[in-house]
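Novice: The structure's right below; bear with me while I get my questions together.
The values are calculated or read from the model by the stated rules, or taken from the named source; none is laboratory data. Just so we're clear, the structure is a prediction, and the values are computed from it rather than from any experiment. Methodologically, a virtual Cβ is constructed for each residue, glycine included, from the backbone with ideal geometry; neighbour enumeration extends over all protein chains shown. What goes into the accessible areas is simple: the full protein's heavy atoms, side chains included, and nothing from ligands, DNA or RNA. Shrake-Rupley method; radii C 1.70, N 1.55, O 1.52, S 1.80 Å.
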Amino acid sequence: YDTANDRVVMIWRTSAAGDYGYAAVGAVSGTSISWGTRVAFNSAVTSLGTIAYDASAEKVVIAFNSTVTGSNVGYAIVGTVDPSDNSISFGTKNNFISGEYNTASIVYDISASKCLLSFIDQGDNYYGKCTVISISGTSISFGSLAAFENSNLRSVSSAYSTAASKTAISYRDLGSGDQQAVVASVSGTSVSFGTIVQ
């Protein structure tokens with residue numbers, strides 16, 4: 001939800017157009033919603049997209065896998081909503097890892113005024129990692145990757161606690177079979193973690 005423009009943004013992949021990644025802006029009125037024209041945020045095979053709204057930058061951030069020269073790469077891109085015609089435009093995608101991720105979750109950290117991307121690095125033994133996203137205009141950059149779990153993981157998800165000013169990350173550890181969680185704290189472009197709990 002884009003709070004500055006009072007619009008929702010939806011992303012998806014469509015097999016009818018080369019498995020490209022698309023976005024559309026929606027305007028809600030009562031129990032109805034009207035959509036602007038869909039726009040491709042990635043004109044290549046796209047998978048596992050996740051989206052969040054950065055209230056400080058007043059932009060949306062999309063993370064996704066994209067097939068490049070036969071290999072998947074993890075990218076993120078900035079989107080700008082225009083409420084006058086329910087359109088959206090995008091900056092240039094930038095990769096946060098050189099390979100692909102398995103699943104990902106992105107949240108906006110209000111206290112840090114940054115988005116935190118949590119993901120499973122498929123190219124590094126399916127370890128759980130995070131990176132802090134910084135936005136300048138329509139450009140996107142990333143902090144150093146930080147591992148919250150050095151084990152074979154699946155199904156990462158995250159949520160930001162306004163009361164604690166921290167993000168909770170939950171995931172499944174295939175090595176132990178446990179469902180686990182850890183708290184992430186953002187400072188600048190760095191992220192640190194508390195103790196993992198089952």
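Novice: Tell me the volume per residue, in Å³, of the convex hull enclosing the alpha carbons of the range 125-187.
Specialist: Dividing the Cα hull volume of the range 125-187 by its residue count gives 105 Å³.
Novice: Placing one identical point scatterer on every Cα of the range 56-198 and ignoring solvent, what is log10 I(q)/I(0) from the Debye formula at q = 0.13, 0.15, 0.17 Å⁻¹?
Specialist: -0.56, -0.74, -0.92
Novice: Please report the carbon-and-sulfur percent of the accessible area for the range 48-198; probe 1.4 Å, protein heavy atoms only, DNA, RNA and ligands left out. Before the final figure, lay out each step's value.
Specialist: Working: 2770 of 6370 Å².
Heavy-atom surface of the range 48-198 belonging to carbon and sulfur, 1.4 Å probe: 44 percent.
Novice: Among Glu100, Glu149, what's the order by accessible area (1.4 angstrom probe), most exposed first? Provide the component values of the computation, followed by the final result.
Specialist: Working: Glu100 55, Glu149 30 Å².
Correct descending sequence by accessible area is Glu100, Glu149.
Novice: Now a separate question. Among Ser170, Ser151, Ser71, whose mean-square fluctuation peaks in a Gaussian network model of the chain (Cα, cutoff 10 Å)?
Specialist: Largest GNM mean-square fluctuation: Ser71.
Novice: Over the chain, average the accessible area per residue using a 1.4 Å probe and give it in Å², no decimals.
Specialist: On the way: 8960 Å² over 198 residues.
That works out to 45 Å² per residue.
Novice: Also: Rounded to whole Å, give me the distance from the Cα center of the range 22-90 to that of the range 180-198.
Specialist: When both Cα centres are located, 27 Å separates them.
Novice: Please report Rg over Rh for the range 1-136, where both radii come from the alpha carbon positions and Rh follows the Kirkwood definition. Could you put the intermediate results ahead of the total?
Specialist: Details: Rg = 14.9 Å, Rh = 15.3 Å.
Dividing the radius of gyration by the Kirkwood radius yields 0.97.
Novice: Would you kindly find the accessible area of Ser134, with a 1.4 Å probe and non-protein molecules such as ligands, DNA and RNA excluded, rounding to the nearest 10 Å²?
Specialist: That residue has around 20 Å² of solvent-accessible surface.
Novice: Here is a follow-up. Report the residues of the range 111-152 in range of a label on Ser98: point 7 Å along Cα→C-beta, backbone N strictly under 14 Å from it.
Specialist: Once the point is set 7 Å along Cα→Cβ of Ser98, 123-124 turn out to lie under 14 Å by backbone N, inside the range 111-152.
Novice: Long-range amide H contacts for Thr14: which residues qualify at under 5 Å (H placed 1.01 Å from N, peptide plane, sequence gap of 5 or more or a different chain)?
Specialist: Asp19, Tyr20, Tyr22
Novice: Give, as a single signed number, the net charge of other residues whose beta carbon lies under 14 Å from the beta carbon of Gln198, with Lys and Arg counted +1 and Asp and Glu -1. It would help to have the intermediate numbers written out before the result.
Specialist: Numbers: positive: Arg172; negative: Glu149, Asp173, Asp178.
Around Gln198, the charge tally is -2.
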